[in-house]
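**Student:** Have a look at the structure that comes next, please.
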Amino acid sequence: MQRAYDILNHTFGYDEFRHHQADIVETVISGRDALVLMPTGGGKSLCYQIPALVRDGVGIVVSPLIALMQDQVDALQQLGIRAAFLNSSMNGQQQQAVVQALSAGELDLLYVAPERLLTEHMLSLLSQAPLALFAIDEAHCVSQWGHDFRREYQQLSILHQRFPDVPRIALTATADVRTRQEIIAQLDLNDATIFINSFDRPNIRYTISEGQNSRDRLWQFIEREHSGDAGIIYCLSRKKVESTAEWLVAKGCIALPYHAGLPDEMRRDHQQRFLRDEGVIIVATIAFGMGIDKPDVRFVAHLNLPKSLEAYYQETGRAGRDGQPANAWMAYGLQDVITLRQMLQESDGNEQYKRITNAKLDAMLGLCEQVSCRRQALLAYFDEQQDTPCGNCDTCLDPPETWDGTEAAQKVLSCVYRSGQRFGANYIIDILTGKDDARVQSNGHHQLSTFGIGTDKTAVEWRGIFRQLIAQGFLTADIESYGVLYLTEKARPLLRGDVQLALRHQRKGKKSQKSKVVNTLSASENIVFDALREHRLKLARERNVPPYVIFHDSTLQEMAQRQPVSYDELRTISGVGDKKLTEYGESFLAVIRGENTEESVIE
Ligand code: ADP
Ligand code: ZN
């Protein structure tokens, strides 16, 4: 293990292992198998990279994410590690060079796509080289039920048969028990030690709001907390993706659309710019994100309701992989619920599928309507108990005020019932507020006992109540005939007065968040930080790598705060290893001294 610590300090520039990393590394170094479940950003890569360096031979990393291999290998090479990859994006000559390096024992780590690894040619090549380990990344791809299923992953147990003495480490960020069991069964990992980390992402702040003008609220949020930051904004439709991107550009942001309907070329280009430039906002459908490994995404915003908590957790998880403060921000409306249910009903799935999917949507809405800590609720859904409220979500920071909505809900429910469960929210509100127009007249609804019983509230207030009643499952919007509302079983005890109902107060005005996430630097430190970022971008462009491959934001922030003046001081900063010290130390020290780089003027 001494060797492992040396590598951690000198090669990676980190002081200590996080979570279970030390135990995992030790397990694999000693030649045993491991199954690692860790959330995104938890630090899975070190768990196989360090053992691969400590053990003799090359570590083989199986990954389905071909598009990422280049960046992963660039980052390792920046650390002075002999890494390479093999996949279908390379020409024959490039592949030949890698194979030669492999045969000559000149590699520490080799990333391979599964279909390539499984070829007889590759397997026999490997049998001639000493192997340190097999790392099976994104191991949940073996699961038939997951959305990332890869058939080749199910054949990876062949590795164990062909190379019984080489330890295997399987890694995933997917939390649920069924997937875990499938990984063990399919990969033949019965003897593996299992390491389960908490799936909490404490640096992510969760904020969810509902109501109208979500765009304006998004803009306030970006302006207040994230000007110049990289972020992802998810929308449900391609049209909304494009209009939102255009709108942000008009506001002066660098915003790029991404969805399956755009030409391949453009999608690639936009993804690349998001990864390589600073401060780019991607506006996307859920088509975007699989395998996006950018550590410094400072916010993920949803302008629509995600389909499930699994999707919400995965999408928001792309924020703050570097462990620095980040925001998961969402605004949704009544229409989202109706649209999602409609899309589901029109889909080809069988009844069981529809039932499960509906239940997942209900769980998502449950989180939205949560009046206590959101993190506790989210983790509870993944079977993880947290005993105390987190203090870093909107309901903890700014507890919603509730009011006794029992009577108001009864008015709504009985009005829906008495008008025959044949109308949408707007019309019901007309009846409640006593709007005596032609439509109400012709239906005879001005004679209902519920006509005009809701004049104590405005139509906007009633809409908010409808949203909550739908979200909490007292009302369902009919899918076939757009927006028609009817009562559910759950409505009965409420109508009878057997239960009470607490509703949230609609948030009026824009109470500014108490504490802003991110950026703990003082004004003068910020100037240094900006200069460091600029210098980093210049270096990254010259080398054609993403900026974070040179140094992470957190490393630059620490530099700006501590302002080291010597190599010895610089080396104590997290993320500064030997190789980077030699290669970049002098120029970054110069920036801190206020010299160098033409562009940056430091007072
Ligand atoms: P994952 O693959 O689990 O999503 P990564 O392996 O990419 O996460 O690690 C996330 C970030 O945390 C990376 O920037 C990595 O360099 C950093 N990291 C990992 N382990 C440590 C550690 N022990 N100390 C400091 N930073 C670490
Ligand atoms: Zn909380």
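The values are calculated or read from the model by the stated rules, or taken from the named source; none is laboratory data. Not measured: the values here are computed from a predicted model. Because the Cβ atoms are built from the backbone with ideal geometry, glycine has one as well, and the counts that use them run over all protein chains shown. For accessibility, only protein heavy atoms count, side chains too; no ligands or nucleic acids. Shrake-Rupley method; radii C 1.70, N 1.55, O 1.52, S 1.80 Å.
**Student:** Taking a probe of 1.4 angstrom, what is the accessible area of R541 in Å², to the nearest 10?
**Tutor:** Estimated to the nearest 10 Å², R541 gives 150 Å².
**Student:** Of the cross-linked pairs K251/K360; K44/K354; K251/K457; K239/K354; K44/K580; K44/K579, which ones have a Cα-Cα span greater than 32 Å in the structure shown? Write out the running numbers ahead of the final one.
**Tutor:** On the way: K251/K360 36 Å; K44/K354 35 Å; K251/K457 36 Å; K239/K354 26 Å; K44/K580 22 Å; K44/K579 22 Å.
Listed pairs above 32 Å: K251/K360; K44/K354; K251/K457.
**Student:** How large is the dipole of the chain about the Cα centre if only Lys and Arg carry +1 and Asp and Glu carry -1, each at its Cβ, rounded to the nearest 20 debye?
**Tutor:** Details: 65 positive and 78 negative charges, 345 e Å.
For the chain, the charge dipole is close to 1660 debye.
**Student:** Subtract the Cα-Cα distance of E384 and L123 from 0.36 nm times their separation in residues, and report this length gain in nm to one decimal. Intermediate results must be reported in sequence, preceding the final value.
**Tutor:** On the way: separation 261, 0.36 × 261 = 93.96 nm, distance 4.01 nm.
Going from the current span to full extension adds 89.9 nm.
**Student:** For L485, which sequence-distant residues (separation of 5 or more, or a different chain) have an amide H within less than 5 Å of its own amide H, given hydrogens modelled in the peptide plane?
**Tutor:** Close amide H contacts, sequence-distant or interchain: F423, G424, D478.
**Student:** Tell me, what ³J(HN,Hα) does each residue in the range 349-362 have, in order and in whole Hz, if you take phi through Karplus 6.51 cos²θ - 1.76 cosθ + 1.60 with θ = phi - 60° and put x for Gly and Pro?
**Tutor:** x, 7, 4, 4, 4, 5, 5, 4, 5, 5, 5, 5, 5, 4
**Student:** How do E138, E315 stack up against each other in accessible area, from largest to smallest, with a 1.4 angstrom probe?
**Tutor:** E138, E315
**Student:** Which ³J(HN,Hα) values in Hz, rounded to whole numbers, follow from the phi angles of the range 9-14 under the Karplus curve 6.51 cos²θ - 1.76 cosθ + 1.60, where θ = phi - 60° and Gly and Pro get x?
**Tutor:** Here the 3J(HN,Hα) series is 6, 7, 7, 8, x, 9 Hz.
**Student:** Give the aspartates and glutamates reachable from K435 as a straight Cα distance under 14 Å; neighbours fewer than 8 places away on the same chain don't count.
**Tutor:** Those aspartates and glutamates meeting the cut-off are D456.
**Student:** For K307, which aspartates and glutamates qualify as cross-link partners when the Cα separation must be under 18 Å and same-chain residues fewer than eight apart are set aside?
**Tutor:** Hits, sequence-local ones excluded: D148, D176, E210, E315, D336, E346, D348, E351, D362, E369, D478.
**Student:** Right, another one. For the range 2-196, what does the relative contact order come out to in percent, with C-alpha contacts under 8 Å and a separation of six or more?
**Tutor:** After rounding, I find 30 percent.
**Student:** For every helix of n ≥ 4 consecutive DSSP H residues, a contribution of -39,500 (n - 2.57) applies; sum these over the chain, divide by its total residues, and give [θ] at 222 nm rounded to the nearest 500 deg cm²/dmol.
**Tutor:** Computed ellipticity for the chain at 222 nm equals -13000 deg cm²/dmol.
**Student:** Indicate, rounded to the nearest 5 percent, the antiparallel portion of the DSSP beta bridges found entirely in the chain.
**Tutor:** If I count the DSSP bridges inside the chain, around 10 percent turn out antiparallel.
**Student:** Turning to a different aspect of this structure: Counting only C-alpha contacts under 8 Å and six or more residues apart, can you give the relative contact order of the chain as a whole percent?
**Tutor:** Worked out over the chain, it gives 14 percent.
**Student:** Let me ask another. Which one, V112, L275, Q220, projects farthest toward the positive side of the charge dipole computed for the chain from Cβ point charges (K/R +1, D/E -1)?
**Tutor:** The one lying farthest along the dipole's positive direction is Q220.
**Student:** So what is the relative contact order for the range 1-82, in percent, with contacts set as C-alpha pairs under 8 Å and at least six apart?
**Tutor:** So the answer I get is 28 percent.
**Student:** Treating only the Cβ atoms of Lys and Arg (+1) and Asp and Glu (-1) as charged, compute the dipole magnitude of the range 2-196 about its Cα centre; round to the nearest 20 debye.
**Tutor:** Computed about the Cα centre, the dipole is about 180 debye.
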